[in-house]
1. So Ala41 passes all but one of these: (1) of a type outside the set (Lys, Arg); (2) crowded, with 24+ Cβ neighbours inside 10 Å; (3) on the phi > 0 side of the Ramachandran plot. Which condition number does it fail?
2. Could you check Phe333 against (1) in contact (Cβ under 8 Å) with a residue 60 or more places away in the chain; (2) within 27 Å of Leu386 (Cα to Cα); (3) open to solvent by less than 20 Å² (accessible area, probe 1.4 Å); (4) among the hydrophobic types (A, V, I, L, M, F, W, C) and say which number it fails?
3. Assess whether Val424 counts as being of a type outside the set (Phe, Trp, Tyr) and outside any loop (DSSP other than H, G, I, E, B).
4. Restricted to segment 1-23, and to residues that are within 22 Å of the chain's Cα centre (by Cα) and surrounded by fewer than 21 Cβ atoms within 10 Å (Cβ to Cβ), which residue is modelled with the highest pLDDT?
5. I need a count of the residues in segment 215-257 that are in a loop (DSSP other than H, G, I, E, B) and small (Gly, Ala, Ser).
6. Among all residue pairs at least 6 apart or on different chains, which show Cβ distances below 8 Å where the first residue, located in segment 208-222, is more than 14 Å from Ala85 (Cα to Cα) and the second is basic (Lys, Arg) and surrounded by fewer than 19 Cβ atoms within 10 Å (Cβ to Cβ)?
7. Here are some residues: Arg432, Arg360, Arg391. Which one is at pLDDT 90 or above and more than 17 Å from Ala51 (Cα to Cα)?
8. Those residues that are at pLDDT below 95, surrounded by 15 or more Cβ atoms within 10 Å (Cβ to Cβ) and of a type in the set (Ser, Thr, Tyr), I need them from segment 266-289; list them, please.
Amino acid sequence: MPRDAEKAYAILSGSNDWKPKEKIDLLFVDPLDTHNGWATAIPHDTFLVYAADAEQGSSIYQPGNYLRRTVFHELTHVFTLDRRAGYDKALSGIFGKVLPFGDPLSFGLFLFTSSPVDLAPEWYLEGQAIWAETEFAPPGRGESTFADMVFRCAVRDDNLLPYSEWYLEIPHWPYGLGAYLYGMRLIQHVDATGEENPPGELNAAISRSVLFANSRAARRATGRSFPVLARETLRQETLVQKRDLAVLAGRPVTPAPRLTPKGMSVGPLAALGGTVYFLASEEEETSGLYAYDPLRRKVTRTAAARTTSPMGSLAVSRADGTLYYTRLNVEDFENTWYEIRRFDPRTGADTSVTEKGRYRSIDISPDGKRIAAVSQRAGKSLLLELTLDRRGKVAGERTLLSIPLETDIASPRYSPDGARIAYVAADDHGFRLQLRDLASGSERTLFATHAQIIAPCWHPDGRTLVFASDLNGVYNLYAIGTKKGAAPTPLTNVTGGLFFPVFSNGRLFAVGYDGFGPHLTEVPYPAAVAGPLPVISPVKTEAGEDAWLQPLRAKGAAAGAAAVGNLPAPRRYNSLSGIRFDYWSPWLTASAEGAEGGLGASFSDPTGFQDLKILAGVESRYGTPIGSAQYTYRGLVPNLHLYAAAEQDYFPNLLT
């Protein structure tokens, strides 16, 4: 992580032709069982990276060192958000980077000490960050099959987002993902149509503009405003995707009908007794567990089971006819970790299986006594087998495999006889479909590829596995035998995408994608596609590399290598000694009884555990000094809040 951070700093300072004046704080934390990060430049330059990886099927799930990509992504935010060039640079040099105290005056100072880039649209900020992660820590989302699938489906189904809907809060597919992907495409378009370092020049132009004038700055940097660039981006994307759709239609296209309504985003599947169960979320509804009856073609939601994301995991116990699923749960007041729960479709009972979380990507053994699971903790990716007691609670665990965190383990699946586990491993070298014998502990690679391998499932005969992969640039389903030397056979040729296959009474169901999001679908089985599949590529930019990027990569590699030998010795962090000055600001409020005003100052430590706000001033009616101090310590649960104030009280009718 330090090496990647120093490498990213060296590269980004070159691509931006600028570097922040203050030291940047990097927080590497492990309170969340899925991947994410955030960054801010106010009041100090800080970015945070969560240790756990993303789940298969997620828009940010990709092979290789995901931590390196997130470092580039979030550090790019710091470089873009903190760039100041005019009045904001002068004012922040005096006051610091101000956050409002809750009054109009400090709010105005917040606006004028913030960089104009900090007030740019979210799609622009995320587009710059994804462009950087793609260029400098590939593959990145800019060259991902998932993003390409979203755009291809949108063009095919005439559902491209207009520029007016490129924001995080849109209430329909692709929801907040749209701001990321469409902003990404616009920055890629700027890069492809400019000369040397167009994204860096664009950000520099915005930093030299005034509040909310970012589109005018884009015209100065590129000759086109943001609305014009957006129209060009959508026009180009339509042309490219129509070309790819024509290539895919060169062979018969596999039907993948939508079996669930629009507005429902479907996640992993499991089949039990002829019914297909799945995790899903509906617009304006919480996530939950759903059932699809193939005979009646009806979707119903279970009343008791509530999930936190359609990207959790789901498995069935054929031994007792129950379902097991994962959901994120707050533990010890500060950790959001996965727990396993069991749902009985016959009684509606929903009970906890684990007292503590951190288990995900689960499967149940055929005898219902064991759970295969993945856990990421203490810097390791673990493949585990859990044993259940008579009450159905986890009684113990044994480690089947322990590897570095940057190597992803996913989708362990018991064979129908319970003697073997198939699972997926992924790292910088690609993906491997592994088969492990539980009795001997030996394992072998069934299939290795640079393409993704997603969510294998066993055919009921125990001799074949079906999985999703983007071998031809599209997520299709493939079958592979378990004998040595077997090769995958394509089962589908779709123009959208297919994930999470599952067999139910000899029929093959999966999660399909169209222009309105992920849905439940059924594909013909058995039916193999004759001949090789047509091939497209998610890489839509020109071949080769811009010359200006080459010295930046060399500079970054040197900085990363130097960082390894210059790391200070680890030491225990003390948040109290880490408190530092943030900013100061005048403040002013007014009412019918007069005005109050003065000065305020803020102090905090890099982790946010310590926070102190001090206000002092005077009220206008009697000239009485007033003030307040508010201290928060977030190292305790519940948080400790101390507040003290001195202010004027009025008693106009005290004497009569």
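1. Every listed condition holds for Ala41 apart from (3).
2. Answer for Phe333: the failing condition is (3).
3. yes
4. This residue is Pro2.
5. Residues meeting the conditions: 5.
6. Ala218/Arg224
7. Going through Arg432, Arg360, Arg391 in turn, the sole match is Arg432.
8. Ser281, Ser287
The values are calculated or read from the model by the stated rules, or taken from the named source; none is laboratory data. Values in this document were obtained by computation on a predicted structure and should not be read as measured data. Every residue, glycine among them, receives a Cβ derived from its backbone with ideal geometry; neighbour counts consider all protein chains shown. Note: areas computed on protein heavy atoms with side chains; ligands, DNA, RNA excluded. Shrake-Rupley method; radii C 1.70, N 1.55, O 1.52, S 1.80 Å.
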